[in-house]
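Asker: Structure incoming, see below.
We did not get these values from a lab; they are worked out from the coordinates using the rules stated. Treat the numbers as computed from the prediction; the structure is a model and nothing was measured. In this analysis, Cβ positions are derived from the backbone assuming ideal geometry, glycine residues included, and neighbour counts consider all displayed protein chains.
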Amino acid sequence: MSRCLLTLLVFAAAARNAVGWRSEGSAVVSRRDFGSKQIWRLSDDAISELHKCSGTGRLDCVHKVMRRRGASEEAWRFYRRTGWFLSDLKDLGGRVGLASLVNPWSANENEQPAIVGGKPAVVYPENVKVSPDSDAGFQAIRAEFPALLFWKPSPEFESNTITAEGESLVFRYRLLDGCHACAVRGWARVEFVFGPDGTYRRAKLLGVVRP
């Protein structure tokens, strides 16, 4: 067998092994891009130290805090790649998984969900491009509460479905009475749809429900 052919076979095997989810010990990991080694659960002391990182030396400061507080280099690279710390990773049984992200510097919501392991590698539900404005349920609630606000940050994961056509994840977004700290007047249910190979296709509004 030629050296060139052997090299191609090795790369093909590596590509096959890089697809899908598996378990190492008690942790479920993505073999493509994400895994348990990238998880770093921030302690109160770590958060306090990170709050001191600012200016042009912020990245170097963050790296030093992470090293000092037990984070792996994989966790550091995840932060460099996304700007978030990976605090948890959940296997959903399909091509994509559900990640919990933390940003201790965020003014409103320090924790966010993310859909990882597909194409693109990270999909952020807080960046959803749908609007509930034309939904009859949203309009009915807004008739009672004119300042009703569709709050995108930190939606709540509701469920996922896997079929031969791909998989979908549903998140619930708060409908707030005018401000972040105001009362929740309802929920907007949004579905994120992925193809069988994990390619992100679209997000769509499923409807609005009351508390």
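Asker: Report yes if Asp135 is of a type in the set (Asp, Glu), farther than 18 Å from Ala203 by Cβ and crowded, with 16+ Cβ neighbours inside 10 Å, otherwise no. Spell out how you get there, then give the answer.
Answerer: Values: of a type in the set (Asp, Glu): yes; farther than 18 Å from Ala203 by Cβ: no; crowded, with 16+ Cβ neighbours inside 10 Å: yes.
For Asp135, the condition - of a type in the set (Asp, Glu), farther than 18 Å from Ala203 by Cβ and crowded, with 16+ Cβ neighbours inside 10 Å - is not met.
Asker: Assess whether Gln112 counts as being of a type outside the set (Phe, Trp, Tyr) and crowded, with 17+ Cβ neighbours inside 10 Å.
Answerer: Values: of a type outside the set (Phe, Trp, Tyr): yes; crowded, with 17+ Cβ neighbours inside 10 Å: yes.
Judged against the criteria, Gln112 is a match.
Asker: While we're looking at this one, here's another question. Across the stretch 51-66, which residue is farthest from Tyr200 (Cα to Cα) among those that are of a type in the set (Lys, Arg) and surrounded by 13 or more Cβ atoms within 10 Å (Cβ to Cβ)? Even if it seems obvious, please write down each step before you answer.
Answerer: Here is the first cut: in the stretch 51-66, the ones of a type in the set (Lys, Arg) are 52, 58, 64.
Then drop every residue that is not surrounded by 13 or more Cβ atoms within 10 Å (Cβ to Cβ), which leaves 58, 64.
Numbers: Arg58: 33, Lys64: 35 Å.
The qualifying residue farthest from Tyr200 (Cα to Cα) is Lys64.
Asker: Okay, next question. Keeping to the stretch 87-117, report how many residues are over 14 Å from Arg41 (Cβ atoms) and either small (Gly, Ala, Ser) or within 10 Å of the chain's Cα centre (by Cα) (or both).
Answerer: Qualifying residue count, the stretch 87-117: 12.
Asker: Of everything in the stretch 77-92, what is surrounded by fewer than 19 Cβ atoms within 10 Å (Cβ to Cβ) and within 12 Å of Val62 (Cα to Cα)? Give them in sequence order. Even if it seems obvious, please write down each step before you answer.
Answerer: If we filter the stretch 77-92 for residues that are surrounded by fewer than 19 Cβ atoms within 10 Å (Cβ to Cβ), which is where we start, we get 77, 80-83, 87-88, 90-91.
If the condition is that a residue be surrounded by fewer than 19 Cβ atoms within 10 Å (Cβ to Cβ) and within 12 Å of Val62 (Cα to Cα), then Arg77, Arg80, Gly83 are the ones that fit.
Asker: Mind checking which residues of the stretch 97-132 are under 19 Å from Gly198 (Cα atoms) and of a type in the set (Phe, Trp, Tyr)?
Answerer: Answer for the stretch 97-132, where residues must be under 19 Å from Gly198 (Cα atoms) and of a type in the set (Phe, Trp, Tyr): just Tyr124.
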